[in-house]
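The values are calculated or read from the model by the stated rules, or taken from the named source; none is laboratory data. The structure displayed is predicted, hence computed values, not measured ones. In this analysis, Cβ positions are derived from the backbone assuming ideal geometry, glycine residues included, and neighbour counts consider all displayed protein chains. All accessible areas refer to the heavy atoms of the entire protein, side chains included, with ligands and DNA or RNA removed. Shrake-Rupley method; radii C 1.70, N 1.55, O 1.52, S 1.80 Å.
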Amino acid sequence: MRTRSTFMHLALATSLAIVPVAATAVDTTPEPAPLPEIVAGKKAIDARNWGAAIKTLSVAAQREPNNADVQNLLGYAYRNTSQLEAALRHYQRALQIDPRHLGAHEYIGEAYLMANNLAKAEEHLAALQRYCPNVCVERDDLKKISTPTAAAPSSRGGGGNASEALHITI
């Protein structure tokens with residue numbers, strides 16, 4: 001009986017060694033939760049409450065001064081209150097932190113279009129074409145509103161004006 005038991009264990013161990021096991025990398029360091037001010041700022045943007053968004057995101061920017069996403073969101077909120085100088089300042093800061101930030105390139109391009117500065121908008125469209133030559137919502141949205149037939153709304157709910165919708169995931 002002992003021989004049979006030993007044989008069964010050996011057979012089981014051998015069969016387990018033969019069965020291929022899928023190896024996957026596991027990230028043991030979870031991504032930190034966003035600051036509560038960032039979450040609140042995104043909710044304020046979703047509610048189109050620009051003043052609340054600016055207030056909470058400004059606190060987030062003080063706590064995380066090198067967060068390009070926060071700078072981009074602040075620019076978006078300022079642009080939607082027609083404060084283009086402040087919007088441009090935050091978009092430029094986002095791009096200083098992350099020169100390849102696709103959202104910042106799209107939105108600064110839209111801000112330049114609002115300011116009737118087509119040349120600067122085209123610079124950011126060219127950057128988007130360099131950084132995402134294939135499928136790229138940001139590039140396609142900016143391209144739609146920077147062409148002479150820009151009366152059609154962008155795929156994200158607006159025609160590039162200050163009241164367009166921003167889709168954010170928390």
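Summary of computed values
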| quantity | calculated |
| --- | --- |
| Scattering profile of segment 46-106 at q = 0.25 Å⁻¹ [log10 I(q)/I(0), Debye over alpha-carbon scatterers] | -0.99 |
| Hz values of 3J(HN,Hα) by residue in segment 33-40 - Karplus curve (6.51, -1.76, 1.60), Gly and Pro given as x | 5, x, 4, x, 5, 5, 4, 5 |
| Residue-by-residue Karplus 3J(HN,Hα) for segment 97-112, coefficients 6.51, -1.76, 1.60, Hz, glycine and proline x | 6, 9, x, 9, 5, 5, x, 5, 5, 4, 6, 5, x, 5, 5, 5 |
| Within-12-Å neighbourhood charge of I97 [Cβ basis; K, R +1; D, E -1] | -1 |
| Isotropically averaged projected area of segment 31-76, using the convex hull of Cα atoms (one quarter of hull area), nm² | 2.9 nm² |
| Largest to smallest accessible area among V70, V135, V59 [probe 1.4 Å] | V135, V59, V70 |
| Förster-model FRET efficiency, 35 Å R0, N117 and A47, C-beta, rounded to 0.05 | 0.70 |
